[in-house]
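Comments concern the structure below.
Computed from the coordinates by the stated procedures, all read-outs in this text should not be read as laboratory data. Values in this document were obtained by computation on a predicted structure and should not be read as measured data. All Cβ positions, glycine included, derive from the backbone under ideal geometry; neighbour counts span all protein chains shown.
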Amino acid sequence: MNYHDITKDDMRNGDGLRVVLWVSGCEHHCPGCQNPVTWDPDDGLYFDEKAKEELFDLLGRDYISGLTLSGGDPLYPGNRDEITGLAKEVKERFRDKDIWLYTGYVYDSIKDLEIMKYVDVVVDGPYLEDLRDVKLHWRGSSNQRVIYLGQEPHIGEIAKNHKI
């Protein structure tokens, strides 16, 4: 799996201060996509142990709420095994951190994937430029949904305070 960036202290891709892993690979190719440079699965850097150590170092900071997986598409078929293993390891090591997953796939088509056992929030659906709405929290177009899967109390509070 390749990636383009690891960002820290991000406030735009999920609740709280987050670490975001921007993976390479996407087959949706949505017109108006904010990250078309991430579509090519062979572009970017290889996600090696050094990159994982950087990610885990950032996640270890007490003020970080969790990890956001974005891209490209973390669920691009070539990413699924590695991204699932990473999500599992994050949940094992950082039990107090949540995981948000951005994907162009709709939830019904991915809900049975193993990774869903480790994800707390899914933002699903392709970006549709004609449904763009800058007033929406954590999504770009009104067809996309913010789906809360986690059982942790703070996730439930978020769900009460934001329209899905």
Across the chain, qualifying lysine pairs (alpha carbons under 23 Å, at least 8 places apart or different chains) come out at 26
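When DSSP beta bridges are limited to those with both residues in the chain, what percentage is antiparallel, rounded to the nearest 5? Before the final figure, lay out the partial values.
On the way: 12 of 25 bridges.
Counting only bridges with both partners in the chain, antiparallel ones make up about 50 percent.
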Potential lengthening between residue 111 and residue 63 on full extension [0.36 nm per residue; Cα-Cα distance subtracted]: 14.3 nm
So if each residue of separation counts as 0.36 nm, and I subtract the Cα-Cα distance between residue 7 and residue 81, what length gain in nm does that give? 24.4 nm
In whole Å, what are the extents of the range 43-85 along the principal axes defined by its C-alpha atoms, from largest to smallest? 33, 20, 18
Gyration tensor (Cα only) of the range 55-124 to equivalent ellipsoid, semi-axes in Å sorted down, yields 21, 11, 11
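Given the peptides 31-44, 10-23, arrange them by the average over their residues of other C-beta atoms within 10 Å, most packed first.
Details: 31-44: 15.1, 10-23: 20.0.
Going by the mean number of other Cβ atoms within 10 Å, highest first, we get 10-23, 31-44.
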Given that just one value was derived from the coordinates, which of (i) 68, 13, 12; (ii) 21, 20, 14; (iii) 62, 20, 10 is semi-axes √(5λ) of the Cα gyration tensor in Å? (ii)
